[in-house]
Amino acid sequence: MKSVITSIFILLILFAAPTYGKKHKKGSAFEISYASYRNGSEVPGRGMSVKYANQIAYLSNNGDKIRSYIDYAKNKTVTILNYEDELFKTLTSFDSLPQPKAGGKTETILGYDCQYAKLSSFSNTIEIWYSDQTGAKGSPYQGYLPDNSSLVLKVTINGNRTLVAKAIDKLHADSIPDYPLDEATEVTASELEELKIKSRYTVLPVFKDEIINFENLPETYEGQTLESNRTYRFSKGSVIMKKVTLPESWKSGGQVFAKLTSWSNGDAYDRTGSIFVLPASHEKKTILAALKNGLDELPVLTDNKGAEYQGIASTKTYDSPIEIMRFFTSFGVGHFNNLRVINNYPWEFEATYKQEVTPLIPNDDEEVWVGVFIGNYDKGGHKVNLELDFYPGFDKEEQATKYIQPLFYTVNIMEMSGQNYGRLFRNDTLTVEFEVPENVENLQLQYTSTGHGGWGGGDEFNPKLNQIFIDGEPTYKVVPWRTDCATYRFSNPASGNFGNGLSSSDLSRSNWCPATLTPPDMIPLTNFTPGKHTLKVVIDQGADEGNSFSHWSVAGVLTGNYKEASK
């Protein structure tokens with residue numbers, strides 16, 4: 001009995017042990033394990049495997065939603081994608097893949113003599129070592145096949161990234177994958193690539209084909225309860241808002257981008273636009289109260305000449321909006337394309353803006369209010385689409401709770417309800433008092449500034465110094481200025497053409513261009529002590545001229561992380 005048990009034990013060891021330099025019989029099934037290296041050092045957790053059986057090599061490196069294999073009987077590679085619970089597939093013949101060129105190098109890997117081939121793909125140098133002695137076929141990459149009878153044992157990309165086979169193990173029949181090829185809808189390679197990209201992140205639709213214009217709408221929603229996932233129009237149609245639910249995946253971290261498309265629905269001019277968020281559950285008052293009930297809900301800042309500015313600075317009981325994107329509409333893109341036709345001027349159909357907003361999206365609330373403002377006095381106005389794109393991080397650990405504290409915001413999104421422009425900098429400073437909690441790290445100020453006053457002497461067309469002081473100390477200074485506006489000429493069909501060959505949209509401006517967004521300046525606040533502080537914004541605003549005046553749209557938000565996973 002003892003000898004029988006010993007024999008069985010030996011057979012099990014032989015069956016499970018990796019094989020080196022041994023050619024398997026036809027019909028064998030096995031698994032090739034690859035380790036990943038970068039600059040000669042192994043990268044843990046980045047390896048992969050290939051399972052081979054019945055003339056098919058199954059790849060394991062494409063995640064849960066994608067199944068890829070190489071069909072050597074039909075000389076095709078196959079990719080199957082599960083996108084929104086629907087299966088799609090694409091088949092690619094071997095002869096349409098990049099063709100490697102054989103080289104003179106050789107190398108022994110796992111006891112097998114390997115030949116060498118090399119190819120170029122998208123300006124990357126790919127080196128391949130392969131052998132036809134293993135009885136297996138396959139490659140860790142579908143697109144890198146030296147022939148239809150070999151196993152790729154090593155791939156090096158640009159000389160510093162390598163996948164190399166570490167073991168070849170026999171494979172039990174019940175471990176052979178079964179991919180649902182017949183259930184999938186065949187699409188082209190380009191269509192599948194689009195679906196693959198979309199499958200990797202979460203899209204939160206916010207607005208679709210919404211109009212932002214000027215018309216005589218009811219001024220208040222006083223006494224009404226505002227619902228989730230419904231678009232509300234405020235301030236005579238110039239502001240749209242919706243309360244949305246954030247994806248559950250956002251709690252695990254990653255990156256968030258706001259993507260906006262905008263086109264004219266009748267307005268010919270370049271207008272200030274702003275995307276902002278408000279916490280749905282918040283102890284402090286926000287501008288939503290004023291949008292619902294009227295401008296009197298906002299705290300008033302009075303400058304040293306007695307002018308009043310509503311809701312431009314946070315207080316102990318009020319938080320200004322959290323601006324996540326400043327953008328500017330084009331001169332009439334879309335609506336005016338066929339009304340101003342110029343030879344060799346291929347007008348765009350819409351303006352597209354996309355910006356990372358990761359530090360500004362709270363991860364401790366399930367819902368947030370999202371708003372879009374475009375300042376215009378046109379009944380046709382503009383139309384917009386808006387989505388928030390959530391891209392997962394490379395690790396799945398829960399992220400630290402974000403610290404987000406808006407400080408000031410002089411974009412008068414309630415302009416059509418009587419909110420004042422940011423004109424105070426000519427004779428005063430914008431002063432804000434705030435308090436930083438004890439347990440916040442990685443603190444920075446996101447500062448966005450654009451100058452306006454659209455005549456020759458106005459601040460829109462003249463560089464002006466911006467300065468920030470905290471507790472009396474100079475913290476940051478900049479002359480916000482854009483010189484690249486002519487890049488976007490084809491997005492501005494209604495822009496006026498001057499006698500010298502320039503167009504209005506070509507002109508340099510105070511940190512903005514028609515049909516573009518203005519990203520914030522990131523100001524690190526290193527060695528910043530917790531407690532109470534005072535911030536001042538000082539701008540060299542120009543003088544008024546008759547009925548014309550300059551003004552500045554500035555926004556400031558403190559961002560960081562709480563040191564613990566939760567507050």
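Entry comment: accessible area of the stretch 57-162 is 47 Å² per residue, from protein heavy atoms only and a probe of 1.4 Å.
First obtain the Kirkwood hydrodynamic radius of the stretch 39-94 from its Cα pairs, then insert it into the Stokes-Einstein equation at 20 °C and 1.002 mPa s, and state the resulting D in µm² per second as a whole number.
Values: Rh = 12.8 Å.
For the chosen part, D equals 168 µm²/s.
Normalised Debye scattering of the stretch 122-216 at q = 0.14, 0.17, 0.21, 0.26 Å⁻¹ gives log10 I(q)/I(0) of -0.85, -1.09, -1.21, -1.26, counting only Cα atoms as equal scatterers and leaving out solvent. Here is how the number arises for the chain: DSSP H runs of 4 or more residues each give -39500 (n - 2.57), the sum is divided by the residue count, and the result at 222 nm is -2000 deg cm²/dmol. Here the spin labels are modelled as points 7 Å beyond Cα on the Cα-Cβ line, and at S508 and T431 they lie 3.5 nm apart.
In percent, rounded to a whole number, the relative contact order of the stretch 164-246 is 22, using alpha-carbon pairs under 8 Å and six or more apart. Among the cysteines of the chain, C114 have no other cysteine beta carbon within less than 4.7 Å of their own.
With a 1.4 Å probe and every protein chain kept in, tell me what percent of the accessible surface of the chain is carbon plus sulfur.
On the way: 13040 of 27440 Å².
Ligands and nucleic acids excluded, carbon and sulfur reach 48 percent.
Using a probe of 1.4 angstrom and keeping all protein chains present, the accessible surface of the stretch 415-567 works out to 44 square angstrom per residue. Assign one of three labels to the stretch 227-368, namely rounded, prolate or oblate, based on the Cα gyration tensor with a ≥ b ≥ c the square roots of its eigenvalues; rounded applies when a/c is under 1.5, prolate when it is not and a/b is larger than b/c, and oblate otherwise. It is oblate, given that a/c is not under 1.5 and a/b is not larger than b/c.
Taking the square roots of five times each eigenvalue of the Cα gyration tensor of the stretch 280-428, the equivalent ellipsoid has semi-axes of 31, 27, 14 Å, listed largest first. Its Cα gyration tensor gives the chain an equivalent ellipsoid. The semi-axes, each the square root of 5 times an eigenvalue, are 58, 28, 23 Å from largest down. State which entries of K251/K284; K89/K154; K242/K284 exceed 21 angstrom in Cα-Cα distance in the structure shown. In this structure, K251/K284; K89/K154 exceed 21 Å between Cα atoms. Using r as the Cβ-Cβ distance of Q399 and K477, and R0 as 25 Å, what FRET efficiency do you calculate, to the nearest 0.05? Efficiency computed from Cβ-Cβ geometry: 0.15. Against the compact-protein benchmark of 2.2 N^0.38 Å, the Cα-based radius of gyration of the stretch 317-372 scales to 1.75. In terms of Cα atoms, the Rg and Dmax of the stretch 418-567 work out to 18.4, 61 Å.
For the stretch 470-487, 3J(HN,Hα) computed residue by residue from phi via the Karplus equation (6.51, -1.76, 1.60; θ = phi - 60°) reads 10, 6, x, 9, x, 10, 7, 8, 7, 10, x, 7, 10, 10, 9, 4, 5, 4 Hz, glycine and proline entered as x.
The relative contact order of the stretch 309-452, computed from alpha carbon pairs under 8 Å that lie at least 6 residues apart in sequence, is 37 percent. Checking the cross-link pairs K292/K316; K316/K383; K74/K354; K305/K402 against a 31 Å limit on the alpha carbon distance flags K316/K383; K74/K354; K305/K402 as lying beyond it.
Sparse packing (at most 12 other Cβ atoms within 10 Å of the Cβ) combined with a DSSP loop state is found for the following chymotrypsin sites (Phe, Trp or Tyr not before Pro) in the stretch 458-567: F498.
Computed from the Cβ-Cβ distance with R0 of 51 Å, the FRET efficiency linking S175 to S123 stands at 0.85. Projecting the alpha carbon convex hull of the stretch 434-477 along each direction and taking the average yields 4.4 nm².
The values are calculated or read from the model by the stated rules, or taken from the named source; none is laboratory data. Just so you know, these numbers come straight off a predicted model, no measurement behind them. Using ideal geometry, Cβ is built from the backbone for each residue, glycine included, and neighbour counts are taken over all protein chains shown. When the accessible area is computed, the model is the full protein with side chains, heavy atoms only, and any ligands, DNA or RNA have been set aside. Shrake-Rupley method; radii C 1.70, N 1.55, O 1.52, S 1.80 Å.
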